[in-house]
Amino acid sequence: LIGIGDGLPGGQVRGLAYDPRGTLYVGTEQGVAAYDGYDFALVSPTDRPDTFVTSLYVHNGEVWAQLDSGLAHVVDNRLEVVLDWTLSRVNSGFATHNDTLYAINDVGIFEVHPSAPRQVFSRRDAVLRAGIGTHTGLWVGGKDGLYQFENGSLQQVDKRPVRSFLASGDAIIV
C-alpha cells in the first residue's frame, strides 16, 4: 500500500495515468505526484489553494488533470491551469475522438488544446460524468442518461442514469 508517507500529496487517489516515458501520475485531493518507479515527486502545484484532482489523462504524450478549479496541463513537473471552472466534485473524465481530447464534467464538454482549450457544450443540468470516443462519435454519460455528442449538439439516446461505460466494437456497454 502506498500513501502520504511514501510521497503522495493526499490519501484519496482520484486518478492514475502513465505517460510514454513510463512515469505514473497519481492525482489526489491534494494534488498530483509523479512516480518514476523508485520515488514519488510532487508535481508543483499551481498558485491555487484547491488542487483537488477529479481525473487524469494522457493524450499525445501530455498529461492533463481536471481539478475542482480548472483544467491543468503538466509541463516540466508543474501543474499549469489553462482554463478556469468550478466543479462540484462529481465524477469527471476525458475522452478522445478523431484525435481530439475532450474534458467532460458537470460544467460541460471542452475541447482540450494546450494553447486554447474551449468549451464546446454547456449544460449544467445534465451533470455529465464520463465519456468515450468511438468511430461512431463521442459518447457521454450523465445522471440523466446516455448522450451522443456531434457537431456541438448533445442528443439523448437513453434516459437511464450512467456512471460508467465502455465501447466494444460498434456497441456501447453501460
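Descriptive notes on the structure:
- Given (1) under 26 Å from Glu150 (Cα atoms); (2) open to solvent by 20 Å² or more (accessible area, probe 1.4 Å), number of the condition Ile109 does not satisfy: (2)
- If the condition is being free of Cβ contacts under 8 Å to residues at least 24 places away in the same chain, within 15 Å of Ala65 (Cβ to Cβ) and not in a loop (DSSP other than H, G, I, E, B), then the range 1-25 contributes Val13, Leu24.
- Going through (1) closer than 19 Å to Pro117 by Cβ; (2) open to solvent by 60 Å² or more (accessible area, probe 1.4 Å); (3) at pLDDT 90 or above one by one, Gly61 falls short only on (2).
- Condition check for Gly93: at positive phi and surrounded by 19 or more Cβ atoms within 10 Å (Cβ to Cβ): no
- First in the range 132-154 and at positive phi, second anywhere and hydroxyl-bearing (Ser, Thr, Tyr), Cβ under 9 Å, 6 or more apart: none
- Residue within the range 33-54 that is touching a strand residue (DSSP E or B) at 6+ places or on another chain (Cβ under 8 Å), open to solvent by 70 Å² or more (accessible area, probe 1.4 Å) and closer than 24 Å to Pro117 by Cα present: yes
The values are calculated or read from the model by the stated rules, or taken from the named source; none is laboratory data. Computed from a prediction, not measured in an experiment: that's the story for all the values here. Please note: Cβ atoms are built from the backbone with ideal geometry, for glycine as well, and neighbour counts cover all protein chains shown. Accessible surface is based on the protein model in full, side chains and every heavy atom, while ligands, DNA and RNA are left aside. Shrake-Rupley method; radii C 1.70, N 1.55, O 1.52, S 1.80 Å.
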